[in-house]
1. Treating the angle as unsigned and between 0 and 90°, give the value, to the nearest 10°, between the Cα long axis of helix A:3-13 and the longest Cα principal axis of chain A.
2. Cα to Cα, under 27 Å, and not fewer than 8 places away if on the same chain: which lysines meet these conditions relative to A:Lys116?
3. Note down the accessible area of B:Glu86, probe 1.4 Å, to the nearest 10 Å².
4. Whenever you get a sec, line up A:Ser33, B:Ser120 from highest to lowest accessible area (probe 1.4 Å, protein heavy atoms).
5. In µm²/s, what is D for the protein assembly as shown at 20 °C and 1.002 mPa s, where D = kT/(6 pi eta Rh) by Stokes-Einstein and Rh is the Kirkwood radius from Cα pairs?
6. Just to make sure I understand: if all protein chains stay in place, what is the order of B:Asp122, A:Asp140, B:Asp149 by accessible area at 1.4 Å, largest first?
7. Grab the DSSP H runs of the protein assembly as shown that are 4 residues or longer, score each as -39,500 (n - 2.57), total them, divide by all residues and round the 222 nm result to the nearest 500 deg cm²/dmol.
8. Identify the trypsin sites (Lys or Arg not before Pro) of region B:7-69 meeting these criteria: DSSP loop state and at most 10 other C-beta atoms within 10 Å of the C-beta.
Protein chains: 2
Amino acid sequence: MDLGSRLKAAREKKGLSQRQLARLSGVNNGTISLIEQNKISPTVAILKRLLDTVSKSLGEFFGDHEPGQPERFFSAAELPEFESGEIVFRQVGANIPGRKLQILRERYLPNGDTGKTMLSHDGEEGGIVLAGEIEITVGDEVAVLSEGDAYYFNSTIPHRFRNLGNVECEIVSACTPPTF
Amino acid sequence: MDLGSRLKAAREKKGLSQRQLARLSGVNNGTISLIEQNKISPTVAILKRLLDTVSKSLGEFFGDHEPGQPERFFSAAELPEFESGEIVFRQVGANIPGRKLQILRERYLPNGDTGKTMLSHDGEEGGIVLAGEIEITVGDEVAVLSEGDAYYFNSTIPHRFRNLGNVECEIVSACTPPTF
DNA sequence: CTCTGGCTTTTAATTTCTTAAACACTACAC
DNA sequence: GTGTAGTGTTTAAGAAATTAAAAGCCAGAG
């Protein structure tokens with residue numbers, strides 16, 4: 001997985017030598033050398049001390065590496081349309097492997113409902129209402145949003161979307177990481 | 001940093017016991033126990049084997065930062081409107097600390113342009129065109145998208161948005177992590 | 001009650017990483 | 001040439017993580 005080169009890149013980006021990084025982080029310079037050569041696998045504790053002093057989080061450090069090069073444009077017809085009960089949606093970049101973002105254009109028909117059992121999953125999500133009205137329940141909060149309104153919440157909190165009106169409701173939503 | 005609880009959560013989410021995870025990953029079950037109790041700091045190599053078998057990347061694992069509890073609804077009037085040249089946009093949840101997602105509703109007036117110097121930053125972004133037409137340049141690819149079309153690309157690749165038409169173009173976009 | 005089978009935790013032995021110091025190399029000053 | 005200061009690499013001793021096996025615990029079956 002070449003963790004060594006990544007650490008080296010991070011270190012050099014900060015303009016530090018192995019010894020300077022060693023002094024600042026309190027980690028031995030020999031250890032840094034061995035890690036950069038992929039001769040040993042550092043402890044998470046050690047790696048954290050190193051990344052702290054080059055001001056990178058573990059998340060960034062490991063997140064950067066799974067880049068893939070998703071890069072694409074999609075015509076409207078290319079966006080596959082899914083249907084689930086009274087909800088119809090199109091997903092952007094559904095087949096991009098390793099993507100971090102899920103973007104949906106959703107249409108809730110009258111009575112469209114994500115279901116009585118609340119949804120709950122890792123990550124965060126948000127969106128904007130483009131037309132119609134939608135009732136959103138998040139935890140113990142309930143709100144009815146209309147055109148132009150927006151929401152943003154932690155997806156681990158149980159949530160539910162319901163179209164109580166008699167006109168279609170359209171939403172563009174995004175969440176990270178993708179749920180499907 | 002409570003790496004232990006996070007591993008435990010990931011394991012239980014997969015419905016595995018310590019022993020099952022041990023067998024599948026090839027890591028000793030005692031080690032798993034000690035890690036979950038934060039009694040030792042695992043080697044990155046070991047942690048990777050564990051996360052691989054619960055289908056989590058190191059990036060996701062460390063990226064799932066402190067939960068924070070962003071949870072809010074925003075009325076249309078509450079979304080602050082920014083302006084930058086011929087581009088006007090509203091951001092969802094601009095003031096939520098530590099959020100991972102940036103969602104924008106953007107309006108490009110005729111000649112609206114992100115500028116001659118291409119943009120480039122960490123992360124990924126995508127969006128859907130709601131009205132009008134927009135020219136998007138990503139790396140050496142150029143495309144003109146109309147209503148209903150969409151895009152998704154790695155934000156590290158230099159990119160530019162331009163409204164060449166004479167009608168306003170409206171887009172909802174999302175990117176992770178936020179750029180401002 | 002007792003046994004079985006599942007779980008997590010703990011212990012001793014082994015392996016591995018981490019440290020400190022020495023090594024080798026380059027560049028610059030005097 | 002020689003000394004000094006910088007770089008990254010390598011080595012033996014010590015510290016810490018990993019392993020394998022044993023010890024507890026709890027729930028259910030007989």
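The values are calculated or read from the model by the stated rules, or taken from the named source; none is laboratory data. Given the structure is predicted, the values throughout are model-derived calculations rather than measurements. Glycine also receives a Cβ, built like all others from the backbone with ideal geometry; neighbour counts cover every protein chain displayed. Ligands, DNA and RNA are stripped out before the accessible areas are found, and what is left, the full protein with its side chains, is counted by its heavy atoms. Shrake-Rupley method; radii C 1.70, N 1.55, O 1.52, S 1.80 Å.
1. Its long axis makes an angle of about 80 degrees.
2. B:Lys13, B:Lys14
3. 90
4. Ranked list, largest accessible area first: B:Ser120, A:Ser33.
5. Here the translational diffusion coefficient equals 96 µm²/s.
6. On the way: B:Asp122 90, A:Asp140 145, B:Asp149 20 Å².
Accessible-area ranking of B:Asp122, A:Asp140, B:Asp149, largest first: A:Asp140, B:Asp122, B:Asp149.
7. Values: 10 runs with 88 residues, N = 360.
Computed ellipticity for the protein assembly as shown at 222 nm equals -7000 deg cm²/dmol.
8. Working: sites: B:Lys8, B:Arg11, B:Lys13, B:Lys14, B:Arg19, B:Arg23, B:Lys39, B:Lys48, B:Arg49, B:Lys56; in loops: B:Lys14, B:Lys39, B:Lys56.
Here the trypsin sites (Lys or Arg not before Pro) that fit, given the DSSP loop and packing criteria, are B:Lys39.
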